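The values are calculated or read from the model by the stated rules, or taken from the named source; none is laboratory data. The structure presented is a predicted model; accordingly, all values stated were derived computationally and were not measured. Glycine gets a Cβ as well: all are built from the backbone with ideal geometry, and neighbour counts include every protein chain shown. The protein model used for the area step is the full one, side chains on, heavy atoms only, and it has no ligands, DNA or RNA in it. Shrake-Rupley method; radii C 1.70, N 1.55, O 1.52, S 1.80 Å.
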Amino acid sequence: MNTESKVLEVSAADITKSLLSDLEELSRCAGKPYSAVFADSIIRKMREMVDKCMGDPYTEVVIALHDALAHQNRWLDYTGEQYQGAYNLFSSLVAREKIDNTEVENSIIALENLGFNTLPFSVTCIIGV
């Protein structure tokens, strides 16, 4: 008996869709103790996406939000309105078959405009030393 292995290919858009329920829940319970459950879930899904779909345009936008949430547990600092804005943004992205680099850039700027710090890792430059 020959068993054929089948590999299910998961697209970055599909993984991005899976983030929507966690974003929606975070928008409802931001600031409450049980919000940690949804923050943990979304951060794990984001890491899975990086592992499976590195280089995909959807992944680039997800990485920006991941950095804003994961760095120093800043997911605690964001409000329900900010999470709702991210939910709306990602909902509009996954409604498209593909996104291009311009849409990636605009989406990251939109996250910044919502108040997410998508570049939390900084380098201090000392000039004139």
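Values computed for the structure shown
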| item | result |
| --- | --- |
| Options R44, R28: the member that is part of a helix (DSSP H, G or I), open to solvent by 70 Å² or more (accessible area, probe 1.4 Å) and either of a type in the set (D, E) or free of Cβ contacts under 8 Å to residues at least 12 places away in the same chain (or both) | R44 |
| Every residue from the range 7-25 that is part of a helix (DSSP H, G or I), open to solvent by 50 Å² or more (accessible area, probe 1.4 Å) and of a type in the set (D, E) | D14, E24, E25 |
| Conditions (1) among the hydrophobic types (A, V, I, L, M, F, W, C); (2) in a helix (DSSP H, G or I); (3) open to solvent by 20 Å² or more (accessible area, probe 1.4 Å): number failed by V62 | (3) |
| Counted residues, the range 47-74 - those being touching a residue at least 40 places away in the same chain (Cβ under 8 Å) and within 18 Å of N101 (Cβ to Cβ) | 10 |
| Any chance Y34 is within 15 Å of L111 (Cα to Cα) and either among the hydroxyl-bearing types (S, T, Y) or free of Cβ contacts under 8 Å to residues at least 40 places away in the same chain (or both) | no |
| Residues that are open to solvent by 30 Å² or more (accessible area, probe 1.4 Å) and aromatic (F, W, Y), drawn from the range 75-105 | W75, Y87 |
